[in-house]
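Below is one structure, written out as structure tokens; comments come after it.
The values are calculated or read from the model by the stated rules, or taken from the named source; none is laboratory data. On a predicted model such as this, the values are computed, not experimentally measured, just so you know. Glycine gets a Cβ as well: all are built from the backbone with ideal geometry, and neighbour counts include every protein chain shown. Side chains are part of the model used for accessible areas, which takes the heavy atoms of the whole protein and leaves out ligands, DNA and RNA. Shrake-Rupley method; radii C 1.70, N 1.55, O 1.52, S 1.80 Å.
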Amino acid sequence: MVPACKNQKFIGEAPVVIAGCGTNIEYIMSNGEHTYPIDLAIVLDHMSLQAASLGLGTCWIGAFYQDQVKEILGIPKEVRVVALMTVGYPKKLGPKTERKPLSEIVCYDRYV
Ligand SMILES: Cc1cc2nc3c(=O)[nH]c(=O)nc-3n(C[C@H](O)[C@H](O)[C@H](O)COP(=O)(O)O)c2cc1C
């Protein structure tokens, strides 16, 4: 799995790697957007929150080769792998990362 994930070595050390797969990839909402990446983001985000509550660490993995991951896992052509997620007990907790202030990322009333 490591080469398929652009040689991110820590992925080979994780006891579990979850592949988030979209199976209903044709469906488009009336807003013009596909639902499957959104569905998968919800699923994986809930998993990451549950994992954290159990003392587990997770890492979203978007840097991977779609075709290679599908080949390794035997995933059919018509299914899309939206993201991978490693799960495991972290050796140590990373530093708390800085968060941008809301004023930098939220607009009120109009996009400015
Ligand atoms: C969609 C997505 C794809 C990501 N892909 C990778 C990846 O391939 N490799 C990696 O080390 N981190 C990846 N990350 C980043 C980590 O999962 C994590 O978000 C980052 O370390 C920041 O975590 P923090 O906000 O809790 O500090 C990705 C994050 C997202 C949201």
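Loop-only check: which GluC sites (Glu not before Pro) in segment 1-51 are DSSP coil with at most 15 other Cβ within 10 angstrom? Could the numbers behind the result be given before it?
On the way: sites: GLU13, GLU26, GLU33; in loops: GLU26, GLU33.
Those satisfying the criteria are GLU26, GLU33.
Please quote Rg/Rh for segment 16-60 to two decimal places, taking the Kirkwood radius as Rh and restricting both calculations to Cα atoms.
On the way: Rg = 12.9 Å, Rh = 11.8 Å.
So for segment 16-60, dividing Rg by the Kirkwood Rh gives 1.09.
Can you pull the one-decimal nm distance between simple spin-label points at PHE10 and LEU49, each 7 Å off the Cα toward Cβ?
In this crude label model, PHE10 to LEU49 measures out at 2.3 nm.
Of all accessible surface on the chain at a 1.4 Å probe, what whole percent is carbon and sulfur?
Carbon with sulfur: 57 percent of the solvent-accessible area.
Let me have the relative contact order for the chain, percent, based on Cα pairs under 8 Å that are six or more residues apart.
Working: 125 pairs, mean separation 39.3, N = 112.
Computed over the chain, the figure is 35 percent.
Find out how many positive minus negative residues lie around GLU33, taking Lys and Arg as positive, Asp and Glu as negative, among other residues whose Cβ is under 15 Å from that of GLU33.
On the way: positive: ARG80; negative: GLU26, ASP39.
Within the 15 Å Cβ shell, the charges total -1.
Give the cross-link partners of LYS92 among the aspartates and glutamates, using a straight C-alpha distance below 15 Å as the criterion and excluding same-chain residues fewer than 8 apart.
GLU13
222 nm [θ] for the chain, helices only, -39500 (n - 2.57) per DSSP H run of 4+, per residue, to 500? Intermediate values should be presented prior to the final figure.
Numbers: 4 runs with 34 residues, N = 112.
Helices in the chain give a 222 nm mean residue ellipticity of -8500 deg cm²/dmol.
In the chain, if every C-alpha pair distance is counted and binned at 5 Å from zero, what percent goes to each bin?
Final binned percentages: 2, 10, 16, 17, 18, 15, 11, 7, 3, 0.
Give the longest segment of the chain that steers clear of chymotrypsin sites (Phe, Trp or Tyr not before Pro) in DSSP loops with at most 14 neighbouring Cβ atoms within 10 Å, not counting the sites themselves.
Working: sites that count: TYR27, TYR65, TYR108, TYR111.
No qualifying site falls inside 66-107, the longest such stretch.
Pairs LYS6/LYS100; LYS70/LYS96; LYS9/LYS91: which exceed 25 Å Cα-Cα? Before the final figure, lay out the partial values.
Details: LYS6/LYS100 29 Å; LYS70/LYS96 34 Å; LYS9/LYS91 15 Å.
With Cα atoms farther than 25 Å apart: LYS6/LYS100; LYS70/LYS96.
So if R0 is 25 Å, what FRET efficiency would LYS96 and TYR65 give, r being the distance between their Cβ atoms, rounded to the nearest 0.05?
Efficiency computed from Cβ-Cβ geometry: 0.20.
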